[in-house]
Amino acid sequence: MIDLKVLEGAIQEVEADLIVVNLFEGVKTPGGATGAVDKAIGGLITRVIESGDFKGKKLSTTLLYTFGRVKAPRVLLIGLGKKEEFDINTVREVAAKAAQEAKKLGVRTFATIVHGGGAGGLDFKEAAYATAEGTLLGAYSYKAEKKQSEEKKEPETAFIVEFNKSNIEVLESAVKKAIGVAKGVYLARDLVNLPPNVASPLYLAEVAEKLDKEYKKVKTTVYNEKDMEKFGMGAFLAVAQGSAIPPRFIVIEYEGAKNKKPVVLAGKGITFDTGGISLKPSQDMWKMKFDMAGAAVVLGTIKAAAELNLPIRIVGLVGATYNMPDGNAYRPGDVVKAMNGKTIEIISTDAEGRLVLADLLSYASMKLEPEMIVDFATLTGACIVALGLEIAGLFTDDEELKEKIEKASKYTGEPIWQLPLYKNYRELLKSDFADLKNSGGRWAGAITAALFLKEFVDTDKWAHIDIAGPTWRDRGYPENPLLPPGATGYGIRLILKALEGMEA
Ligand code: BES
Ligand code: MN
Ligand code: ZN
């Protein structure tokens, strides 16, 4: 991760390969830090504005060369867009865009001001945090296993520069918090981007064990097939039985508070979803390596919570297995029994995520006395049909939890939309051969999947978040500097923000 540092002083005096300043749309004479840089470089910014080549449109950029007039050889001018539309999400995007431009230029160091603190009129603390977080989210790149074509090095250090001494302390703590959060998001992105032959159930277990070693307050227990049999996790085991590589049930606890009921976070960890005997079409099947993104949210959130030393108790549950077709694979027509005793008729072996979650949710309900349960899963293609690739589906019967999550979503810029746990559709899961079947057919697939999960939860303090869409960003999809192509890490910032309200 890029080294993000705070620097007290004037941006025009900073020694860095690139300095970043901003401009609102329509501004003719820049003020504040941008004005100071403009002055120092002989009015070049004003001239560029006059030329009409830079209008301050949101996320538009212009690169200027300073020819020795200041220590930094380059100035990146970035647009904040219309003042009326400006908010904390713009700050995050602008900071991320600047980090990406710095990466493209191949500079080693760059420095930015806090966007939106001055003329933007935002609360300095919020603006500082969003600038820091955006910088880190935008600077991410997956370290692929390939020869780098040329010596293209990533920026090593980014400075956030602040002139006003009385703001420095606030900025320092904002940067610290952003680094903690970003470490969680980076972990999740890396895990989801990794090829499925590497990111196996065993690998996810190793990552969880490493977090245990790294953080005093993290405790990991990894269960194997034998343990899972003892728990009676027949649904999870059915999914796993077609794979030569064994499953793992991972319990990873973060104990930031004692004697408190835990918040349980459960994650679908299908390390590759072939569909099993109900085989998926081969087109784009490779993307099903992201079917463990729910697990990545859980691990990333635990890491961030530990980094931030949050005063809460979280128990993370990860159900990690491949979904493979082979001679020992489970079949459509099979009847299996989940940990809570309910029997399930398998209609499609491709509806495997809900089977794994059935046992995780049973475990949470029966063993953990949770304060609440939130599960994350790339559960249904139907959720993408309903909400598209950017919006997650939210299912809950708890008003308070719904409000917390929706409020967090507005703040973090991770879009979510509630879909109903519509009771009549429970009928669609009725089976002649078991308590319920694992597929409710074509219509309302995201809802029937959520209703299936509900059968394994015994509290209303439960939310299911279907992240099938926003977990992955295709290359070529409309650009968003916060979300580089590939794994997005969607959900970690959202749940961390929602949990903030729970702090003592
Ligand atoms: N992992 C998939 C859901 C998915 C599909 C996520 C495409 C992202 C993109 C899940 O296991 C699945 O296959 N669900 C089926 C359920 C159906 C068989 C009832 C689906 O959505 O088609
Ligand atoms: Mn599937
Ligand atoms: Zn799946």
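The values are calculated or read from the model by the stated rules, or taken from the named source; none is laboratory data. Computed from a predicted model, the values in this text were never measured in an experiment. Here the Cβ is made from the backbone with ideal geometry for all residues, glycine too, and neighbour counts use every protein chain on show. Each accessible area value is taken on the protein alone, full model and side chains, heavy atoms only, with ligands, DNA and RNA left out. Shrake-Rupley method; radii C 1.70, N 1.55, O 1.52, S 1.80 Å.
Based on what the data block shows, is residue 219 in contact with an Asp or Glu (Cβ under 7 Å, 6 or more places away or on another chain), touching a residue at least 40 places away in the same chain (Cβ under 8 Å) and surrounded by fewer than 18 Cβ atoms within 10 Å (Cβ to Cβ)? Walk me through it before giving the result.
Working: in contact with an Asp or Glu (Cβ under 7 Å, 6 or more places away or on another chain): yes; touching a residue at least 40 places away in the same chain (Cβ under 8 Å): no; surrounded by fewer than 18 Cβ atoms within 10 Å (Cβ to Cβ): yes.
Taking the combined requirement at face value, the residue does not satisfy it.
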Return the total of residues in segment 283-303 being away from ligand 3 (no atom under 13 Å from the Cβ) and free of Cβ contacts under 8 Å to residues at least 12 places away in the same chain. 3
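Filtering segment 240-255 down to residues that are open to solvent by 10 Å² or more (accessible area, probe 1.4 Å) and in a strand (DSSP E or B), which residue is farthest from ligand 3 (Cβ to nearest atom)? It would help to see each step written out before you state the result.
Looking only at segment 240-255, we keep the residues that are open to solvent by 10 Å² or more (accessible area, probe 1.4 Å), and these are 241, 243-246, 248, 251, 253, 255.
Keeping just the survivors that are in a strand (DSSP E or B) gives 248, 251, 253, 255.
Numbers: 248: 17, 251: 22, 253: 26, 255: 31 Å.
So, considering only residues that are open to solvent by 10 Å² or more (accessible area, probe 1.4 Å) and in a strand (DSSP E or B), the one farthest from ligand 3 (Cβ to nearest atom) is 255.
Working only within segment 427-458, note down all residues that are closer than 26 Å to residue 317 by Cα, open to solvent by 40 Å² or more (accessible area, probe 1.4 Å) and away from ligand 2 (no atom under 16 Å from the Cβ). Give the derivation first.
Step one: of segment 427-458, the residues closer than 26 Å to residue 317 by Cα are 429, 435-440, 445-458.
When the remaining residues are screened for being open to solvent by 40 Å² or more (accessible area, probe 1.4 Å), the result is 435, 437, 454-455, 458.
Across segment 427-458, the qualifying residues are 435, 454, 455, 458.
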With criteria (1) within 16 Å of ligand 2 (Cβ to nearest atom); (2) more than 28 Å from residue 250 (Cα to Cα); (3) not acidic (Asp, Glu), residue 348 comes up short on (2)
Could you tell me whether any residue of segment 307-317 is away from ligand 2 (no atom under 16 Å from the Cβ), open to solvent by 50 Å² or more (accessible area, probe 1.4 Å) and in a strand (DSSP E or B)? yes
Segment 1-103: strands (runs of 3 or more DSSP E) wholly inside it with 3 or more residues that are within 25 Å of residue 182 (Cβ to Cβ) are 3-8, 18-24, 74-81
Restricted to segment 345-397, and to residues that are assigned to a helix (DSSP H, G or I), of a type outside the set (A, V, I, L, M) and open to solvent by less than 10 Å² (accessible area, probe 1.4 Å), which residue is nearest to ligand 3 (Cβ to nearest atom)? 353
Filter result (under 22 Å from the mean Cα position of the chain (by Cα) and either open to solvent by 10 Å² or more (accessible area, probe 1.4 Å) or away from ligand 3 (no atom under 16 Å from the Cβ) (or both)) within segment 256-282: 256, 262, 263, 264, 265, 272
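Can you tell me which residues in segment 407-433 are under 23 Å from the mean Cα position of the chain (by Cα) and among the aliphatic types (A, V, I, L, M)? Walk me through how you get there before you give the answer.
At the first step, the residues of segment 407-433 found to be under 23 Å from the mean Cα position of the chain (by Cα) are 407-419.
Scanning segment 407-433 gives 408, 416, 419.
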Does residue 404 fit the bill of being part of a helix (DSSP H, G or I), surrounded by fewer than 16 Cβ atoms within 10 Å (Cβ to Cβ) and either under 18 Å from the mean Cα position of the chain (by Cα) or within 16 Å of ligand 2 (Cβ to nearest atom) (or both)? no
